[in-house]
Amino acid sequence: MLRFVPLALLVALLLLAAAELAVQAGGLAPGTAELAAAGIAPGALPGHLRLGAWLLDAAALSVLVLLLAGRTGRWWLEGLAAGLLAWVYRGPLTVLAALATARLPVEPFWRAARVSLVVLPLVGLALAALARRLLGEPWD
């Protein structure tokens, strides 16, 4: 397990960064027009905060993969479950918190949640495959 954790963090960070680049390049990033119409001028998140967010996501996904390891006997199902569990907190609960706390327009947040619904389960799958390769035992 000592080899899995640092490697899982690195793999997850790289995948999350690649997904962010793909989302930006593909024009799938949440728009800010709804927020601008509400009088809010959002800016880009500073690099160190973006890296911190990716690191938190990577750590959470790694822990979820380890917690679910061997529960179903199917590594891919456990990877998907880890990604979907992470998405619940990164997606709908974040949208509801933004709505309830600040009464902000929810569309840019829902768009980010929909992107996360694809990205987080894929990263969970990659981490589960890595865990199966390095740990082996929980799935054998």
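The values are calculated or read from the model by the stated rules, or taken from the named source; none is laboratory data. As the structure is a prediction and not an experimental result, all values here were calculated from the model. Here the Cβ positions follow ideal geometry from the backbone for every residue, glycine too, while neighbour counts run over all protein chains shown. All accessible areas refer to the heavy atoms of the entire protein, side chains included, with ligands and DNA or RNA removed. Shrake-Rupley method; radii C 1.70, N 1.55, O 1.52, S 1.80 Å.
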Worksheet item: What value, in deg cm²/dmol to 500, does the helix sum -39500 (n - 2.57) over DSSP H runs of n ≥ 4 give at 222 nm once divided by the residues of the chain?
Response: -25000 deg cm²/dmol
Worksheet item: Rounded to two decimals, what ratio of Rg to Rh does the range 77-140 give with C-alpha atoms and a Kirkwood Rh?
Response: 1.18
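I want to verify the translational diffusion coefficient of the range 24-140 in µm²/s; compute it with Stokes-Einstein, Rh as the Kirkwood radius over Cα pairs, at 4 °C and 1.567 mPa s. List each step's numbers first, then the result.
On the way: Rh = 15.6 Å.
In µm²/s, the coefficient rounds to 83.
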Discussion item. Quick check: at a probe of 1.4 Å, how many percent of the accessible area of the chain sits on carbon and sulfur atoms?
Written reply: 69
Practice prompt. Starting from 0 in steps of 5 Å, tell me what percent of the Cα-Cα pairs of the range 1-92 lands in each bin.
Written response: 2, 12, 16, 22, 19, 12, 8, 5, 3, 1, 0
Item to complete: For every other residue with a beta carbon closer than 13 angstrom to the beta carbon of residue 78, add +1 if it is Lys or Arg and -1 if Asp or Glu, then tell me the sum.
Response: +3
Worksheet item: So what is the accessible area of the range 1-131 per residue, in Å², with the probe set to 1.4 Å?
Response: 57
Discussion item. I'd like to compare 97-109, 51-63: which one has the highest average count of other Cβ atoms within 10 Å, and what's the full order after that?
Written reply: 51-63, 97-109
